[in-house]
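Right, one structure below, let's go through it.
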Amino acid sequence: MARGSKKGNNMNASANTDRENIEPGTRIAVAIIGSGNIGTDLMIKILRTSQVLEMAALVGIDPDSDGLARARRLGVATTSDGIDGLVNMPEFSRVKIVFDATSAGAHKKHNEILTAHGKRVVDLTPAAVGPYTVPVVNMQENLQAPNVNMVTCGGQATIPVVAAIASQVPVHYAEIVASISSRSAGQGTRANIDEFTETTSRAIEQLGGARRGKAIIILNPAEPPMLMRDTVLVLSESGEREKIAAAVEDMVARVSTYVPGYRLKQAVQFEEIPAEAPVNIPGLGAVSGLKTTVFLQVEGAAHYLPAYAGNLDIMTSAALATAEQMALHGVATQSLQPQPV
C-alpha cells in the first residue's frame with residue numbers, strides 16, 4: 001500500500017471553529033483496543049479534552065488491568081475478551097473509529113476483523129497496514145483511508161522537522177535518535193523495538209522526504225526519569241540557513257498545538273560539509289553540503305502517565321488529533337464497504 005507523501009497541510013487552520021460547531025449529541029463514538037499505558041492515556045485524553053469524540057468502549061485481555069478498572073470507574077463500557085469481546089458488545093454497532101494500541105502482530109488480525117465490519121482504524125502500533133500519518137505533514141490526504149498508521153513516537157516527534165527542512169532544500173540523509181526513559185517503555189514498546197527502527201526509518205524517507213533515513217531508539221535507565229529527547233541530524237544540499245531555521249521553528253509551533261509539551265531545546269545548528277571532506281553515507285556514498293542538527297524535548301501532559309512519558313503522550317495526542325479531524329470533516333460517518341475476513 002502506498003504511504004502518505006511529504007505534502008504539508010493546514011490541519012489547525014479551522015479546527016477550533018469546527019469544534020465549536022459540533023452539535024450536542026453528535027459526537028463520534030470510538031473504541032480503544034489495548035488497556036495498557038497508551039490505551040488508557042488515550043481514553044482519558046478523549047474523556048477530558050475532546051469535544052468531538054465520545055468514548056464508547058475500552059478493550060483489553062486482562063480483566064484485572066488498571067486501564068479496564070479505571071474505565072469502569074469512569075463509566076466507560078469495557079471487555080476483557082479482546083477483539084471478539086468488542087464485536088459482541090452492544091456499543092460496537094455505533095462505533096465509527098477504533099484505535100488499536102496493542103502490538104504490530106495483533107493489529108493485522110484486528111484490522112481484518114474491523115475492516116470486515118466497516119470500521120475506520122487508527123493504528124498506534126508499528127504494523128503500518130495503512131498509510132503513515134503525521135498530523136502536520138500529511139493527514140489531510142489520508143482522511144479517507146480506512147486505516148491510518150501513527151508511525152512511532154520517534155516518528156511523530158522528528159518527521160515534522162525533517163519535512164520542514166526538506167521543504168527548503170533537498171535532503172540526502174536524515175538520522176533521528178529518540179531517547180526515552182526506560183520507565184516509560186512498557187511491554188508493548190519493548191516488544192516492538194525492531195519494528196520501531198524499521199517503520200521510523202521508512203517513514204523518514206516517505207514522509208520526511210529524505211533519500212535515506214535511519215532511526216535509533218535509546219532506553220535510558222537514569223533516575224529520576226528523563227523527559228523524552230529527540231535529536232534530528234539532516235544532511236542536505238546547501239541552502240539559506242535563516243529560512244531553514246524558520247521552517248523548523250514554524251513546524252515545532254504547529255506540532256505544539258496538539259502536543260503542548262513539544263519544544264526546541266536550543267537554536268537550530270548548522271555546519272557546512274565541504275566537497276573536499278565529505279561524509280560517507282551507506283547506500284549513498286560521499287555526501288557534502290549542509291548539516292542541520294535539531295534538538296527536541298517532549299514533555300507529557302500527565303493525563304494518566306507521568307510527565308516524563310512524552311514518547312507515549314505524543315502518540316496518543318497524534319492519534320487523537322487524527323481521529324478528531326476525521327470526525328470534523330465528516331469522514332467518520334461515511335460508510336465503508338465491509339470487506340470479507
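The values are calculated or read from the model by the stated rules, or taken from the named source; none is laboratory data. This is a predicted model, so every value here is computed, not measured. Neighbour counts are summed over all protein chains in view; Cβ atoms, including those assigned to glycine, are modelled from backbone coordinates with ideal geometry. Just the protein is used for accessible areas: all its heavy atoms, side chains included, with ligands, DNA and RNA removed. Shrake-Rupley method; radii C 1.70, N 1.55, O 1.52, S 1.80 Å.
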So if we plug the beta-carbon distance of GLN51 and GLU141 into 1/(1 + (r/R0)^6) with R0 = 25 Å, what FRET efficiency do we get, rounded to 0.05? 0.50
Computed helical MRE - 222 nm, the chain, DSSP H runs ≥ 4 contributing -39500 (n - 2.57), nearest 500: -10500 deg cm²/dmol
Residues of the chain: accessible area per residue at 1.4 Å, in Å²? 41
With 0.36 nm assigned to each residue of separation and the Cα-Cα distance removed, ASP84 to ALA267 gains 60.9 nm
So if R0 is 25 Å, what FRET efficiency would GLU112 and GLN334 give, r being the distance between their Cβ atoms, rounded to the nearest 0.05? 0.75
Working from the alpha-carbon coordinates of the chain, get Rg over Rh, Rh being the Kirkwood radius. 0.98
Based solely on C-alpha atoms, express the radius of gyration and the Dmax of region 95-164 in angstrom. 12.1, 38
If you take every DSSP beta bridge whose two residues both sit in the chain, what share of them, in percent to the nearest 5, is antiparallel? 45
Given N residues in region 16-151, what is its alpha carbon radius of gyration divided by 2.2 N^0.38 Å? 1.01
Per the 1.4 Å probe, what fraction of the accessible area of region 149-209, in percent, lies on carbon and sulfur atoms? 42
Please give the FRET efficiency for ARG72 paired with ALA275, using the beta carbon to beta carbon distance and R0 = 56 Å, rounded to the nearest 0.05. 0.30
Where labels lie 7 Å past Cα in the beta-carbon direction, separation of ASP194 and ARG94 in nm: 4.3
Treat region 69-219 as a sphere of radius equal to its Kirkwood radius over Cα pairs and apply Stokes-Einstein at 4 °C in a medium of 1.567 mPa s; give the translational diffusion coefficient in µm²/s, rounded to a whole number. 78
Between GLN187 and LYS243, the two model label points (7 Å from Cα along the beta-carbon direction) sit apart by a distance in nm of 5.1
Rounded to whole Å and sorted largest first, list the principal axis extents of the Cα atoms in region 182-341. 57, 46, 32
Phi-derived 3J(HN,Hα) across region 264-276 with the Karplus relation (6.51, -1.76, 1.60, θ = phi - 60°), rounded Hz, x for Gly and Pro, is 6, 8, 7, 4, 4, 10, 10, 8, 7, 9, x, 5, 7
Quick one: Cα centre-to-centre distance for region 100-128 and region 203-281, in angstrom? 30
